[in-house]
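Following: one structure in structure tokens, then a few remarks.
The values are calculated or read from the model by the stated rules, or taken from the named source; none is laboratory data. Since the structure is predicted, the reported quantities are computational estimates derived from the model, not experimental observations. Don't worry about glycine lacking a Cβ; one is built from the backbone with ideal geometry, like all the others, and counts go over all protein chains shown.
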Amino acid sequence: MQAQDVMARNVLTVMPKTRIEVALDLMLKHKVSGLPVLNEDGKMVGIISEGDFLRRHETGTDSHHRSKMLSFLIGPGKEAAEFVQTNSREVGDLMTKHVRSVAETATLEDVVAIMEKHRVRRVPVMKGDRLVGIVSRADLLRALAQKLQQPGDVLASDDMIEKVLIAELAGSSWTAASNVGVTVKAGAVTLSGFVYDERARTALRVAAENVAGVKAVVDQMVWIDLTTGMTVMT
């Protein structure tokens, strides 16, 4: 799936000169964690998010406890910038200017990678230099929910289920040290053999459950604990 498949298209935006109380009212009213900031030409110049309001003079969270030596080392410019951040009433003074965005054809894997790496909740979607949408964590959850509700393809036979599952396991690194047997009867998969890691055992069950046409999974595997030499059944 691509960003354009799940993004919200009617995006609320503000301008650099927008008052922060207006931006806050929009965020609270529409239950969004951030707003793209557009200039007069309609180009995105930043984003204002919840994190930009964490330290504010009005809530008494603006103080930075530093020693005189540390204040001297960071210089007056840094403290001046912090004063603006905690006291300004204009969005342009608080917004994050270096925004991570994606093209509308970006994969959801690309979107999630940006969210994880930069710890952001929403990623603007661009077409050239124009904002066309935004993907939030909520949009990803909705896409997941829709996928889970869609009926899966039913495979024709037990033999086909077995072949698909064996192929899936063969391509997984966590089965390399295991000796797993797979049999299928009337859509029920029986897993036998042994594993050396309890997590691999769980992964094997999940892999079987996700093959289309599987009605049940019977776990007859043995877990061999290498630290004690003990064997554990289900």
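Brief remarks on what is shown
- Only residues that are surrounded by 15 or more Cβ atoms within 10 Å (Cβ to Cβ) and aliphatic (A, V, I, L, M) were counted in region 79-112, giving 8.
- First in region 155-169 and among the polar types (S, T, N, Q), second anywhere and at pLDDT 90 or above and outside any helix (DSSP H, G or I), Cβ under 9 Å, 6 or more apart: Ser157/Val184
- Any hit, region 47-70, residues being surrounded by 12 or more Cβ atoms within 10 Å (Cβ to Cβ), at pLDDT 95 or above and either touching a Lys or Arg at 6+ places or on another chain (Cβ under 8 Å) or in the same structural domain as Val135 (by TED's automatic domain parsing) (or both): yes
- Subset of region 172-199 [surrounded by 14 or more Cβ atoms within 10 Å (Cβ to Cβ) and farther than 30 Å from Thr227 by Cα]: Val184, Gly187, Ala188
- A residue that is in a helix (DSSP H, G or I), within 20 Å of Arg137 (Cβ to Cβ) and free of Cβ contacts under 8 Å to residues at least 40 places away in the same chain cannot be found anywhere in region 81-88.
- Of all residues in region 147-171, those satisfying the criterion of being at pLDDT 85 or above and either surrounded by 12 or more Cβ atoms within 10 Å (Cβ to Cβ) or of a type in the set (Lys, Arg) (or both) are Asp158, Met160, Ile161, Glu162, Lys163, Val164, Leu165, Ile166, Glu168, Leu169.
- Those residues of region 16-34 which are outside any helix (DSSP H, G or I), of a type outside the set (Ser, Thr, Tyr) and surrounded by 16 or more Cβ atoms within 10 Å (Cβ to Cβ), in sequence order: Pro16, Val32, Gly34
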